[in-house]
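Student: Once you've had a glance at the structure underneath, I'll fire off some questions.
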Amino acid sequence: MEKSKVKRFGILTSGGDAPGLNTAIRGVARAAIEQYGMEVVGIQNGYRGLIQGNARQMFSADFSGILTRGGTILGTSREKPFKNPLPDRDGKLPIDHIKENYEKWGLDALVVLGGNGTNTTGSLLAQAGLNVIGLPKTIDNDLLHTDVTFGFHTAVTIATEAIDRIHTTAHSHNRIMVIEVMGHKAGWLGLYSGVAGGGDVILLPEIPYNIDSIAQHLKKRCDAGKEFSIVVVAEGALSETEALMDKKTFKKSRQAMQYSIGYRVAHELESATGIESRVTVLGYVQRGGTPVPYDRALATLLGTEAVHMLARGEFGKMVALQNGRAIGVPLEDVAGKIKKVPLDSQMIQAGREVGTCFGD
């Protein structure tokens with residue numbers, strides 16, 4: 001058994017759940033226990049548990065049978081300790097409680113599994129003096145400096161299967177079928193599921209849409225004898241008019257919307273084309289269920305590399321996949337940033353070349 005600089009560490013999952021979290025927990029815990037003899041403390045419900053002191057030591061049996069389970073056995077929350085922190089009755093801030101529990105539990109480090117918010121908080125904790133390593137989880141695939149995040153491939157598979165099924169009813173009823181997928185600020189999920197599912201139109205946050213351009217595209221399909229269309233809309237898609245708004249005006253505009261963006265696009269298209277339109281919002285279905293094999297393998301690879309980094313004392317980093325290899329990148333380089341789909345993406349170009357309209 002190799003000598004490690006870490007003897008005991010805490011592990012938590014934070015933010016939205018995603019397929020592969022349990023696989024990553026298993027990879028971290030098994031490698032830590034079996035390769036280095038480390039002790040693992042499971043922190044419940046993300047950073048909330050770290051603040052409130054909700055944790056327990058976990059053992060090998062706790063991680064048995066979770067490879068294929070969706071969700072997270074540790075529970076999660078969207079607690080953000082550094083966002084508008086308020087002192088409690090004793091005048092203590094969340095970071096004070098975090099440091100106290102870190103010391104009370106005898107931790108040498110923290111492993112935090114999550115997306116942008118989770119790793120941003122991890123970076124702030126590292127700046128506050130704690131030893132932190134992050135892991136990249138999100139179905140949105142929007143973390144910088146990693147080729148892919150675990151959870152993304154499963155979500156793409158789920159969304160694509162839904163699009164495949166909707167194709168049949170669209171064809172039967174000669175309708176425009178709008179499928180709304182997740183992707184608030186980055187359109188990776190919409191792009192890949194849309195291309196894989198043969199979307200006739202794909203609307204992404206990165207490419208503001210013009211409803212008239214889409215309507216013309218769909219009318220051309222009708223003229224060519226194709227009387228149904230599939231429109232894939234990322235939840236963060238926006239019109240050309242909205243793209244010109246300042247942040248405050250845009251936010252007020254969205255708050256005034258009675259329904260989600262998929263319904264608005266469907267209404268606009270039905271008015272512009274006269275073709276009956278229907279909407280399916282996939283929602284949380286995309287985040288649930290069994291992770292696909294790729295995500296299981298990726299989560300295991302990144303999880304075990306996190307343990308080697310713990311053993312070497314390489315803190316303040318997120319484990320990332322670059323060119324097929326798991327490496328550590330500084331948390332501060334990831335924190336507070338979003339990896340958007342580049343406008344010169346080869347996948348966008350591939351979509352255009354097979355006839356997909358991106359709304360511009």
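The values are calculated or read from the model by the stated rules, or taken from the named source; none is laboratory data. Computed from a predicted model, the values in this text were never measured in an experiment. Neighbour counts run over all protein chains shown; Cβ positions are idealised from the backbone, glycine included. For accessibility, only protein heavy atoms count, side chains too; no ligands or nucleic acids. Shrake-Rupley method; radii C 1.70, N 1.55, O 1.52, S 1.80 Å.
Student: Within the stretch 15-36, can one find any residue that is without any contact (Cβ under 8 Å) to a residue 40 or more places away in the chain, outside any loop (DSSP other than H, G, I, E, B) and over 25 Å from the mean Cα position of the chain (by Cα)?
Tutor: Scanning the stretch 15-36 turns up at least one residue that is without any contact (Cβ under 8 Å) to a residue 40 or more places away in the chain, outside any loop (DSSP other than H, G, I, E, B) and over 25 Å from the mean Cα position of the chain (by Cα).
Student: For the stretch 4-13, check the following and say yes or no: at least one residue is open to solvent by 20 Å² or more (accessible area, probe 1.4 Å) and assigned to a helix (DSSP H, G or I).
Tutor: no
Student: Looking at 68, 72, 23, which one is modelled with pLDDT under 95 and either among the β-branched types (Val, Ile, Thr) or buried (at least 19 other Cβ atoms within 10 Å of the Cβ) (or both)? Outline the logic, then answer.
Tutor: Numbers: 72 fails: modelled with pLDDT under 95; 23 fails: modelled with pLDDT under 95.
Just one listed residue meets the conditions, 68.
Student: Please go through the stretch 68-102 and pick out each residue that is among the polar types (S, T, N, Q) and not in a loop (DSSP other than H, G, I, E, B).
Tutor: Keep residues of the stretch 68-102 that are among the polar types (S, T, N, Q), which gives 68, 72, 76-77, 84, 101.
Within the stretch 68-102, 101 is the sole residue that qualifies.
Student: Out of the residues in the stretch 243-282 that are within 19 Å of residue 357 (Cα to Cα) and touching a Ser or Thr at 6+ places or on another chain (Cβ under 7 Å), state the one that is surrounded by the fewest Cβ atoms within 10 Å (Cβ to Cβ).
Tutor: My answer is 270.
Student: Could you list, in sequence order, all residues of the stretch 169-210 that are part of a helix (DSSP H, G or I) and open to solvent by 40 Å² or more (accessible area, probe 1.4 Å)? Spell out the reasoning first.
Tutor: Step one: filter the stretch 169-210 for residues part of a helix (DSSP H, G or I), giving 169-173, 188-196.
169, 171, 172, 173, 192, 195, 196, listed by residue number.
Student: Please determine, by comparing only the residues of the stretch 328-354 that are in contact with a His (Cβ under 9 Å, 6 or more places away or on another chain) and more than 16 Å from residue 140 (Cα to Cα), which one is surrounded by the most Cβ atoms within 10 Å (Cβ to Cβ).
Tutor: So the residue we want is 329.
Student: I've got another one for you. Please count how many residues of the stretch 164-198 are touching a residue at least 40 places away in the same chain (Cβ under 8 Å), under 23 Å from residue 71 (Cα atoms) and more than 13 Å from the chain's Cα centre (by Cα).
Tutor: The qualifying residues number 2.
Student: Does residue 232 satisfy the condition of being open to solvent by less than 40 Å² (accessible area, probe 1.4 Å), within 30 Å of residue 20 (Cα to Cα) and modelled with pLDDT of 95 or more? If you could, list the steps in order and put the result at the bottom.
Tutor: On the way: open to solvent by less than 40 Å² (accessible area, probe 1.4 Å): yes; within 30 Å of residue 20 (Cα to Cα): yes; modelled with pLDDT of 95 or more: yes.
Answer is yes for this residue.
Student: Across the stretch 331-346, what is the number of residues that are in contact (Cβ under 8 Å) with a residue 24 or more places away in the chain and over 19 Å from the mean Cα position of the chain (by Cα)?
Tutor: 2
Student: Using the structure shown, decide if residue 242 is farther than 30 Å from residue 68 by Cα, in contact with a Lys or Arg (Cβ under 9 Å, 6 or more places away or on another chain) and without any contact (Cβ under 8 Å) to a residue 40 or more places away in the chain.
Tutor: Numbers: farther than 30 Å from residue 68 by Cα: yes; in contact with a Lys or Arg (Cβ under 9 Å, 6 or more places away or on another chain): yes; without any contact (Cβ under 8 Å) to a residue 40 or more places away in the chain: yes.
Judged against the criteria, residue 242 is a match.
Student: In the stretch 124-168, which residue that is in a helix (DSSP H, G or I) and touching a strand residue (DSSP E or B) at 6+ places or on another chain (Cβ under 7 Å) is surrounded by the most Cβ atoms within 10 Å (Cβ to Cβ)?
Tutor: To start, the set of residues in the stretch 124-168 that are in a helix (DSSP H, G or I) comprises 124-127, 152-168.
Okay, now just the ones that are also touching a strand residue (DSSP E or B) at 6+ places or on another chain (Cβ under 7 Å), so 125-126, 159, 162-163, 166-167.
Numbers: 125: 25, 126: 21, 159: 27, 162: 19, 163: 23, 166: 21, 167: 17.
So, considering only residues that are in a helix (DSSP H, G or I) and touching a strand residue (DSSP E or B) at 6+ places or on another chain (Cβ under 7 Å), the one surrounded by the most Cβ atoms within 10 Å (Cβ to Cβ) is 159.
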